[in-house]
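In what follows, a single structure is set out as structure tokens and then discussed.
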Amino acid sequence: LLASAVALSPLAAAAQDMTIGFSQIGSESGWRAAETTVTKQEAEKRGIDLKFADAQQKQENQISALRSFIAQGVDAILLAPVVATGWDGVLEEAKDADIPVILLDRTVDAPEDLYLTAVTSDLVHEGEVAGQWLVDEEAGNDCRIVELQGTTGSSPAIDRKKGFENAIAGHDNLEIVRSQTGDFTRSQGKVVMESFLKAEGGENICALYAHNDDMAVGAIQAIKEAGLKPGEDIKIVAIDGVPDAHLAIANGEMNATIELTPDMAGPALDALAAYKADGTMPPKWIQTESRLYTAADDNQAVYETKKGLGY
Ligand code: GZL
């Protein structure tokens, strides 16, 4: 009797028995793996049947996955779009099928009516925080910077570059001398950093700005193999706040990271439940918070906390 008397809240009721398709980019970084872990946990908590598709960082695989979800008649789609362009067609198809799409951690260059909302950090601001940290760290010193960009054409690569440039503009002592994509991966971060060291000479590189921690961790390996001290000879600032970045900062091998929460799905699924329950329209952008970590923080403790969270 009690069970039947305890009615589900409208939100929870709306989430029950939903089938949702999730087109994930891949597992190119520790952060991406954590986002996948958290998304599956958040769906499980809500009794949602999550159909998961890993695109191995290929847009054509994501578009195929979306078409498959549409054919299955899912209730909604979560999409982490690997690049910002080329989505209008398949998003139109989802709209025609009356299937709401929510963007996770990256945005798309498409009309806003083609997606319900985008749950992302302020990617430009992250770049500005990274740049400002280096402005403060290297005040008065001539500092030649190398930059490891994220995946070409992705909104984080575009926006984090823009933000960093905003912050260092007007500080003539700071100059980006090399900038190339490392595709957000450790392996490419190492390979591209090796080419920077070879081209510039390690003694001529003052700092590395990497659009994510995984490329920075790869670069740290290359810097060590070149006989230099990462974090000292070459200052390193990156973004994500993965456990290995906090460990590197604790060990003095990296200097700063800007934490990106892997929980984009929680806010996304809450917005979706409200929309399904009574048509509540969420804002087109649900912003997650970012936070700077430096050697002044207890990075060893943060590492211990985060290392079990699916990174
Ligand atoms: C940023 C996200 C990025 C992470 C990387 O919102 O899209 O993608 O910073 C990941 O680790 O590859």
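Of all residues in the stretch 62-98, those satisfying the criterion of being touching an Asp or Glu at 6+ places or on another chain (Cβ under 8 Å) and either among the β-branched types (Val, Ile, Thr) or without any contact (Cβ under 8 Å) to a residue 24 or more places away in the chain (or both) are Ile70, Thr85, Lys95. Residues in the stretch 211-267 that are surrounded by fewer than 24 Cβ atoms within 10 Å (Cβ to Cβ), within 15 Å of the ligand (Cβ to nearest atom) and part of a loop (DSSP other than H, G, I, E, B): Thr261, Asp263. Put simply, of Gln149, Gln188 the only residue that is within 13 Å of the ligand (Cβ to nearest atom), out of contact with any strand residue (DSSP E or B) (no Cβ under 7 Å at 6 or more places or on another chain) and among the polar types (S, T, N, Q) is Gln188.
Conditions (1) away from the ligand (no atom under 16 Å from the Cβ); (2) in a strand (DSSP E or B); (3) not hydroxyl-bearing (Ser, Thr, Tyr), marked per residue:
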position	(1), (2), (3)
Ile77	yes, yes, yes
Ala84	no, no, yes
Ala94	yes, no, yes
Asp98	yes, no, yes
Arg106	no, no, yes
Thr120	no, yes, no
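Count of the stretch 40-75 residues, restricted to those that are under 18 Å from Ile25 (Cβ atoms), more than 14 Å from the ligand (Cβ to nearest atom) and aliphatic (A, V, I, L, M), is 6.
Report, by residue number, each residue of the stretch 276-311 that is assigned to a helix (DSSP H, G or I), open to solvent by less than 70 Å² (accessible area, probe 1.4 Å) and either within 21 Å of Leu103 (Cα to Cα) or polar (S, T, N, Q) (or both).
Ala277, Asn299
The single condition among (1) assigned to a strand (DSSP E or B); (2) within 16 Å of the ligand (Cβ to nearest atom) that Ile176 does not meet is (2).
Please determine, by comparing only the residues of the stretch 42-61 that are touching a residue at least 40 places away in the same chain (Cβ under 8 Å) and part of a helix (DSSP H, G or I), which one is farthest from the chain's Cα centre (by Cα). Only one residue fits best here, namely Ala43.
Of all residues in the stretch 151-173, those being open to solvent by less than 10 Å² (accessible area, probe 1.4 Å), farther than 13 Å from Ser121 by Cβ and small (Gly, Ala, Ser) number 2.
The values are calculated or read from the model by the stated rules, or taken from the named source; none is laboratory data. Just so you know, these numbers come straight off a predicted model, no measurement behind them. Using ideal geometry, Cβ is built from the backbone for each residue, glycine included, and neighbour counts are taken over all protein chains shown. The protein model used for the area step is the full one, side chains on, heavy atoms only, and it has no ligands, DNA or RNA in it. Shrake-Rupley method; radii C 1.70, N 1.55, O 1.52, S 1.80 Å.
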